[in-house]
There are 2 protein chains.
Amino acid sequence: MSSIVHSFQWLCLFFLFTLICVSSLNVPRFENFHRRKHHQHQTISSSQFSQNLETFYYMQRLDHFNYRLDSYTTFPQRYIINFKHWGEAKSNAPIFAFFGAEEPMPEDPYVGLLEDNAPKLNALVVYIEHRYYGKSTPFGSFEESMKNATTRGYFNSAQAIADYADVLIHIKKTLSAQHSPIIVFGGSYGGMLASWFRLKYPHIALGALASSAPILYFDGIAPQHGYYYVVTKDFKDTSESCYNTIRESWNVIDRVAKEPNGLSILSKRFKTCKKLSTSSNLKDYLVLIYIGVAQYNDPYENTLKVVCDAIDGAANKTDVLGQIFEGLLAFDLEKLPCYEMEGSEEPSEKPSETYIGWEWQKCSEMLMPIGIDKEDSLFQPNPFNMTDFIDECKKRYGVVPQPHWVTTYYGGPDLKLNLKRFASNIIFSNGLMDPYSSGGVLNSISNSIIALTTKNGSHCLDLRPNDPSDPHWLTTQRKKEVKIIKGWIDKYHADLHKN
Amino acid sequence: MSSIVHSFQWLCLFFLFTLICVSSLNVPRFENFHRRKHHQHQTISSSQFSQNLETFYYMQRLDHFNYRLDSYTTFPQRYIINFKHWGEAKSNAPIFAFFGAEEPMPEDPYVGLLEDNAPKLNALVVYIEHRYYGKSTPFGSFEESMKNATTRGYFNSAQAIADYADVLIHIKKTLSAQHSPIIVFGGSYGGMLASWFRLKYPHIALGALASSAPILYFDGIAPQHGYYYVVTKDFKDTSESCYNTIRESWNVIDRVAKEPNGLSILSKRFKTCKKLSTSSNLKDYLVLIYIGVAQYNDPYENTLKVVCDAIDGAANKTDVLGQIFEGLLAFDLEKLPCYEMEGSEEPSEKPSETYIGWEWQKCSEMLMPIGIDKEDSLFQPNPFNMTDFIDECKKRYGVVPQPHWVTTYYGGPDLKLNLKRFASNIIFSNGLMDPYSSGGVLNSISNSIIALTTKNGSHCLDLRPNDPSDPHWLTTQRKKEVKIIKGWIDKYHADLHKN
């Protein structure tokens, strides 16, 4: 599967596949779906850039909220610093901290928004790996750390942001940078962590930028169909006929599948590597492509339009299945000889840390009920079933998900009223084409809880590096973000001088 | 020891004795030192009042921050509600929640400030017991719960306030009171919990009143001698000669102790029940009385003046030891036949839950370095020694204290600058005669982080019930508190109607 990829940026691959897994836990492992890095990123993260980076390990406490003997165990947590642009401690120059999310951190992390703006704000840039991933595993290796209910227990968001608190305090101490303001950044799950960090540790982070963070997709706050509603809208807005064709295709697939030799026919028409055992595998595969296209569409390649153009363009030449296959071919830039759709039964690759880790987080606390309970969807109905979900988690992990904990700990119902009253200095940025924007904060709540949305933006687009071909709206969004952050820092420095 | 008592109010006995234990872990167990309730309280907490109370148990999660199998264990957490004055859910009437601290909750809890003001604000009054105490023990009994490093591990402040979050959300749900604003209250350690709760769970508590909460007595923010400095000042302000006599007495005791039969002489002169094995036991006993007198002095009995008057009044009749003994006699309203000062070696009573519980909390996270490192103290020098303290904790509990965790999780350094920037709706009330005020927030930080101090107030005095003999300054302090809280609630209701 690794060769079916789509442009995205590291640390913002996030949980495309998790969505699928929320509505059905038994889907193929598509975690390598979109592993190709954006061309710009490849250019910038050269060895030239790597020279500016220094890697450190902090001996992190396994359990911040317990005083059992085993909670005192420590593990090395990795963080990487780019010192190049820092204005140093004596001028109280700021620290930009990027929070790792559900992925191992690369050796040469590069988040455009931070690196592009660190020079003008004289900022230190810090990347911190999320516990359990990559080189920050508490029990020797990822496999060991995830092997049973006891070792997995410490893997959750509250522990993760407490880690970030410890690491940031440690960095400030080491650099004697007590009065350097810290701005935290993150995208998607990492964006939720960044905004939650500002809520929970405002004494450590002066402000947060949470890109594409669906913090309202918990505990029934956002409607379950929001995600698929946006995907549907994206396709409909791109091409009504493309939308109609895809919408029709599911029934066509079902009908053909029921014919004698139907699965053979479908396998042949969709060039599957192995004969389909069920039409669901084909449908899941296609769903993943469509939602991936919607979530990660960008103004550079505009894959959404590419796919729809292919589907629409084939209208006069072939039938619905042929049109859909043309869409798949247009998506597959690598021109694979065949398509592997039977992944769930015989995985050809080891599941990634991201896949394993996020599956666990969903079954413990990160339970976002995403499903399709509406008729006008691009997709066939597939409502989220909490009972099935909980049963499956119990079967897998022996524990029951805690669907209310996220909203208890971080807030949720009446969030706007509450955030308005107590919170400050958070930017929630969203691209409205991103299906996850349906769980995001899309309107400013106060003059310091600011929503910045772009009509044509996708998942975490603002975090990517500046590019000469950036559309105006994207450049404007990033400029606004930096201006707001600079405002926080300036005000902080002014306050500091007053004291 | 239980008959040597002093007036105080339940849930605000707090950690008088802990101080002593911080500077020396091996002091006699004086935890029942001040067990007599204020006369007013006894009158009010009659069966008539009890009729308004209803007791409930919430099945609480053992560990909110872990997903090990054992963290899913639940235990019954007790809370008691006074429904009498509540304006009910449909009018979004407020909820006053009093946070239990390091003590079992009585069956008829009564905190004056809440009960006196609930009628005019139509407030529901909720008392929640702190985990591990009383009937809220996670492992069957207090003894079982404290028996080893594993069972004790879940006993900490972060878990405790997470409990309160869960209970309060549960109460709102049960009463369909989604939009009833919650104000949380607490005194001393409970006051710290209340203010921290507002910082960590502002989406649940609209505001907090933290009475006598020394949130700055951590991690070297407040100077270690602050506590004893205030005790010293209290005595000096009451009577310079009393202060001089006490100050002189330690050397006199030391000198006499070194004489042949010195300990017999001291035992006789101080009417000890058993012969003193060391003069330290006498000195510790006296220190506890002096700090208790300072911490809990009230305008009704003014024990500080009573003790000093006795000491000063005996000046012409006896020597220094005789004067000190007169002070002791004046303090001892019960007229004990003898004084038990050898408690540490042969405890005549089982140590209280408060004593055992707080000893543990100090050795894990609640490490307030309190000592006497100044020359001009009422007491002999006794600097806080972190190394000794840590060693003793290791020996006792097998674990190392985490002196930085409280400030990492709740904030600390630059607290004012930080609170100003992000926090709101907290009242820090302090009586400046209370030695713990040295670690309190004594100046308002913003127009909603308000410090209310009284020059002559003592520990948690504002929480006590109104009394006809209340001095004007105390009545004024309480009125201000209620006015501020009413302002928060009114603004909340106004905001609610706007939405």
Checklist entry - Residue check, A:Cys338 against (1) touching a strand residue (DSSP E or B) at 6+ places or on another chain (Cβ under 7 Å); (2) within 25 Å of A:Phe235 (Cβ to Cβ); (3) open to solvent by 10 Å² or more (accessible area, probe 1.4 Å), all met but one. Which one? => result (2)
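If you take the residues in the stretch B:169-179 that are in a helix (DSSP H, G or I) and touching a residue at least 60 places away in the same chain (Cβ under 8 Å), which one is farthest from B:His493 (Cα to Cα)?
Among them, the one singled out is B:His170.
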Checklist entry - Considering the stretch A:102-114 alone, what residues qualify as being in contact with a Lys or Arg (Cβ under 9 Å, 6 or more places away or on another chain) and of a type outside the set (A, V, I, L, M)? => result A:Pro104, A:Gly112
Checklist outcome for this item: Within the stretch B:74-94, of all residues that are of a type in the set (Phe, Trp, Tyr) and in contact (Cβ under 8 Å) with a residue 40 or more places away in the chain, the one most open to solvent (accessible area, probe 1.4 Å) is B:Phe83
Checklist entry - Within the stretch B:350-402, can you find the residues that are in a helix (DSSP H, G or I) and among the aromatic types (Phe, Trp, Tyr)? => result B:Tyr355, B:Trp358, B:Trp360, B:Phe389, B:Tyr397
Checklist entry - Of the residues A:Ser50, A:Ser45, A:Ser7, which single one is open to solvent by less than 10 Å² (accessible area, probe 1.4 Å), modelled with pLDDT under 85 and within 30 Å of A:Gly207 (Cβ to Cβ)? => result A:Ser7
Next on the checklist: Suppose we keep only residues that are in contact (Cβ under 8 Å) with a residue 40 or more places away in the chain and among the hydrophobic types (A, V, I, L, M, F, W, C) within the stretch B:51-72. Which one would you say is farthest from the other protein chains (Cβ to nearest Cβ)?
Outcome noted: B:Leu53
Next on the checklist: Can you confirm whether A:Leu321 is surrounded by fewer than 16 Cβ atoms within 10 Å (Cβ to Cβ) and either closer than 23 Å to A:Lys455 by Cα or not polar (S, T, N, Q) (or both)?
Outcome noted: no
Item to check | Number of the condition not met by B:Asp219 [criteria: (1) in contact with a helix residue (DSSP H, G or I) (Cβ under 6 Å, 6 or more places away or on another chain); (2) of a type outside the set (Gly, Ala, Ser); (3) buried (at least 21 other Cβ atoms within 10 Å of the Cβ); (4) assigned to a loop (DSSP other than H, G, I, E, B)] | outcome: (3)
Next on the checklist: Just to check your reading of the model, which residue among A:Ser188, A:Ser195, A:Ser176, A:Ser180 is of a type outside the set (A, V, I, L, M, F, W, C), open to solvent by less than 10 Å² (accessible area, probe 1.4 Å), more than 25 Å from A:Leu417 (Cβ to Cβ) and within 14 Å of chain B (Cβ to nearest Cβ)?
Outcome noted: A:Ser180
Checklist entry - Counting residues that are under 26 Å from A:Ile95 (Cβ atoms) and open to solvent by less than 20 Å² (accessible area, probe 1.4 Å), which helices (runs of 4 or more DSSP H) fully inside the stretch A:403-499 reach at least 3? => result A:472-498
Checklist outcome for this item: Taking first residues from the stretch B:480-499 that are within 13 Å of B:Gly207 (Cβ to Cβ) and at pLDDT below 95 and second residues anywhere that are surrounded by 13 or more Cβ atoms within 10 Å (Cβ to Cβ) and of a type outside the set (Lys, Arg), the pairs with Cβ under 6 Å that are 6 or more apart or on different chains are B:Tyr492/B:Pro181; B:Tyr492/B:Leu206
Checklist entry - Among the helices (runs of 4 or more DSSP H) confined wholly to the stretch A:93-168, which include 1 or more residues that are touching a helix residue (DSSP H, G or I) at 6+ places or on another chain (Cβ under 8 Å), at pLDDT below 95 and hydroxyl-bearing (Ser, Thr, Tyr)? => result A:149-152
Checklist entry - Can you pull out the residues in the stretch B:446-457 that are modelled with pLDDT of 95 or more and of a type in the set (Gly, Ala, Ser)? => result B:Ala451, B:Gly457
Item to check | Selection count where residues are open to solvent by 20 Å² or more (accessible area, probe 1.4 Å) and within 14 Å of chain B (Cβ to nearest Cβ), scope the stretch A:132-141 | outcome: 1
Next on the checklist: Please determine whether any residue of the stretch A:162-173 is open to solvent by less than 10 Å² (accessible area, probe 1.4 Å) and away from chain B (no Cβ under 12 Å).
Outcome noted: yes
Checklist entry - Restricting the search to the stretch A:267-280, which residues are in contact with a strand residue (DSSP E or B) (Cβ under 8 Å, 6 or more places away or on another chain) and open to solvent by less than 10 Å² (accessible area, probe 1.4 Å)? => result A:Phe270
Next on the checklist: Looking only at residues that are surrounded by 20 or more Cβ atoms within 10 Å (Cβ to Cβ) and more than 23 Å from the chain's Cα centre (by Cα) in the stretch A:341-360, which one is modelled with the highest pLDDT?
Outcome noted: A:Met341
Checklist entry - Counting only residues that are away from chain A (no Cβ under 14 Å) and among the hydrophobic types (A, V, I, L, M, F, W, C), which one in the stretch B:367-395 is surrounded by the fewest Cβ atoms within 10 Å (Cβ to Cβ)? => result B:Met386
Item to check | Failed item in (1) within 12 Å of chain B (Cβ to nearest Cβ); (2) open to solvent by less than 30 Å² (accessible area, probe 1.4 Å), with A:Gly398 passing the rest | outcome: (2)
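Could we say that B:Tyr110 is touching a His at 6+ places or on another chain (Cβ under 7 Å) and either buried (at least 23 other Cβ atoms within 10 Å of the Cβ) or within 14 Å of chain A (Cβ to nearest Cβ) (or both) here?
In short, yes.
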Checklist entry - What is the number of the single condition among (1) within 30 Å of A:Asp467 (Cβ to Cβ); (2) assigned to a helix (DSSP H, G or I); (3) open to solvent by 20 Å² or more (accessible area, probe 1.4 Å) that A:Gln295 does not meet? => result (3)
Checklist outcome for this item: B:Pro403 vs (1) at the interface with another protein chain (Cβ under 8 Å from one of its Cβ atoms); (2) of a type outside the set (Ser, Thr, Tyr); (3) out of contact with any Pro (no Cβ under 7 Å at 6 or more places or on another chain): all pass except (1)
Checklist entry - From A:Glu129, A:Glu144, which residue is more than 9 Å from chain B (Cβ to nearest Cβ) and over 22 Å from the mean Cα position of the chain (by Cα)? => result A:Glu144
Item to check | Residue among A:Ser424, A:Ser364 that is over 21 Å from the mean Cα position of the chain (by Cα) and within 14 Å of chain B (Cβ to nearest Cβ) | outcome: A:Ser424
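The values are calculated or read from the model by the stated rules, or taken from the named source; none is laboratory data. Keep in mind the model is a prediction, meaning the values are calculated, not measured. Positions of Cβ are generated from backbone atoms using ideal geometry, with glycine treated the same way; all protein chains shown enter the neighbour counts. In case anyone asks, the SASA skips ligands and DNA or RNA and just uses the protein heavy atoms, side chains included. Shrake-Rupley method; radii C 1.70, N 1.55, O 1.52, S 1.80 Å.
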